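The structure under discussion appears below in the form of structure tokens.
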């Protein structure tokens, strides 16, 4: 799905060759500062490499319109963007930005259940805890059904038991939607439990 050849970015990333497969869970691991987040940002064109080439499904990434690409390859950062308003409005705004049809309350409740966010749709999204905001953003991704889910430490605010339960549900639904998951994690349990491939930077 992704193919990187002689890719460099600042003085952080130097990759001679890297292939990331389609329809699988790939975990990116490594010490802090080795470029894990920078790699995700390269994959969804938030950043551009200083050298080398990145291909997505055989197409040179720099030739793809960034906005179009990011609707297919979505990234969840460690501090996801939460908009003023209710949980329902935050879920709907993602659909609006991606030019998808309006969601239903039933769909919204279903994705909240998937990510184990036990909140009302009319609750204030900005009053959620850090971990709850993370899960709200993950629910928003599930609604959008991208081709690729780029996840930067998606469970950093959860305990291990909650982490495994929630990710089990999330990965199952993403795979049912024919999604590919590329995930940064410091959790050895998560990597061992779900990764089809592991990239060690």
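The values are calculated or read from the model by the stated rules, or taken from the named source; none is laboratory data. From a predicted model like this one, the values you see are computed outputs, not experimental measurements. Note that each Cβ is placed from the backbone with ideal geometry, even for glycine, and that neighbours are counted across all protein chains shown.
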Fill in: Scope region 3-13; condition part of a strand (DSSP E or B) and surrounded by 13 or more Cβ atoms within 10 Å (Cβ to Cβ); matching residues
3, 4, 5, 7, 8, 9, 13
Response to the item:
Scanning region 161-187 residue by residue, those outside any loop (DSSP other than H, G, I, E, B), more than 13 Å from residue 25 (Cβ to Cβ), in contact (Cβ under 8 Å) with a residue 40 or more places away in the chain and out of contact with any helix residue (DSSP H, G or I) (no Cβ under 9 Å at 6 or more places or on another chain) turn out to be 165
Worksheet item: Conditions: (1) in a helix (DSSP H, G or I); (2) without any contact (Cβ under 8 Å) to a residue 40 or more places away in the chain. Residue 155 meets all but one. Number of the miss?
Response: (1)
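So, in region 143-160, of the ones that are closer than 18 Å to residue 109 by Cα and touching a helix residue (DSSP H, G or I) at 6+ places or on another chain (Cβ under 6 Å), which residue ends up surrounded by the fewest Cβ atoms within 10 Å (Cβ to Cβ)?
Within region 143-160, the subset closer than 18 Å to residue 109 by Cα is 143-145.
Checking the rest, the ones that are also touching a helix residue (DSSP H, G or I) at 6+ places or on another chain (Cβ under 6 Å) come to 143-144.
Values: 143: 17, 144: 19.
Looking at residues that are closer than 18 Å to residue 109 by Cα and touching a helix residue (DSSP H, G or I) at 6+ places or on another chain (Cβ under 6 Å), I get 143.
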Response to the item:
Of (1) in contact with a strand residue (DSSP E or B) (Cβ under 6 Å, 6 or more places away or on another chain); (2) modelled with pLDDT of 95 or more; (3) under 30 Å from residue 6 (Cα atoms); (4) in a loop (DSSP other than H, G, I, E, B), residue 122 fails just (3)
Response to the item:
Reported set for region 88-111 where residues are at pLDDT 95 or above and either in contact with a strand residue (DSSP E or B) (Cβ under 8 Å, 6 or more places away or on another chain) or not in a helix (DSSP H, G or I) (or both) is none
Item to complete: Output the number of the condition that residue 84 fails; it satisfies all remaining conditions of (1) surrounded by 13 or more Cβ atoms within 10 Å (Cβ to Cβ); (2) over 19 Å from the mean Cα position of the chain (by Cα); (3) in a loop (DSSP other than H, G, I, E, B).
Response: (1)
Fill in: Those residues of region 20-37 which are surrounded by fewer than 18 Cβ atoms within 10 Å (Cβ to Cβ) and more than 14 Å from residue 2 (Cβ to Cβ), in sequence order
30, 31, 32, 33, 34
Worksheet item: Would you pick out the residues in region 56-81 that are without any contact (Cβ under 8 Å) to a residue 40 or more places away in the chain, assigned to a helix (DSSP H, G or I) and out of contact with any helix residue (DSSP H, G or I) (no Cβ under 9 Å at 6 or more places or on another chain)?
Response: 62, 63, 66, 67, 68, 70
Item to complete: Answer with yes or no whether residue 197 is touching a residue at least 40 places away in the same chain (Cβ under 8 Å) and exposed (fewer than 14 other Cβ atoms within 10 Å of the Cβ).
Response: yes
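Only one of 190, 128 is more than 17 Å from residue 44 (Cα to Cα), in contact with a helix residue (DSSP H, G or I) (Cβ under 7 Å, 6 or more places away or on another chain) and at pLDDT below 95. Can you tell me which?
On the way: 128 fails: at pLDDT below 95.
Checking each option against the conditions leaves just 190.
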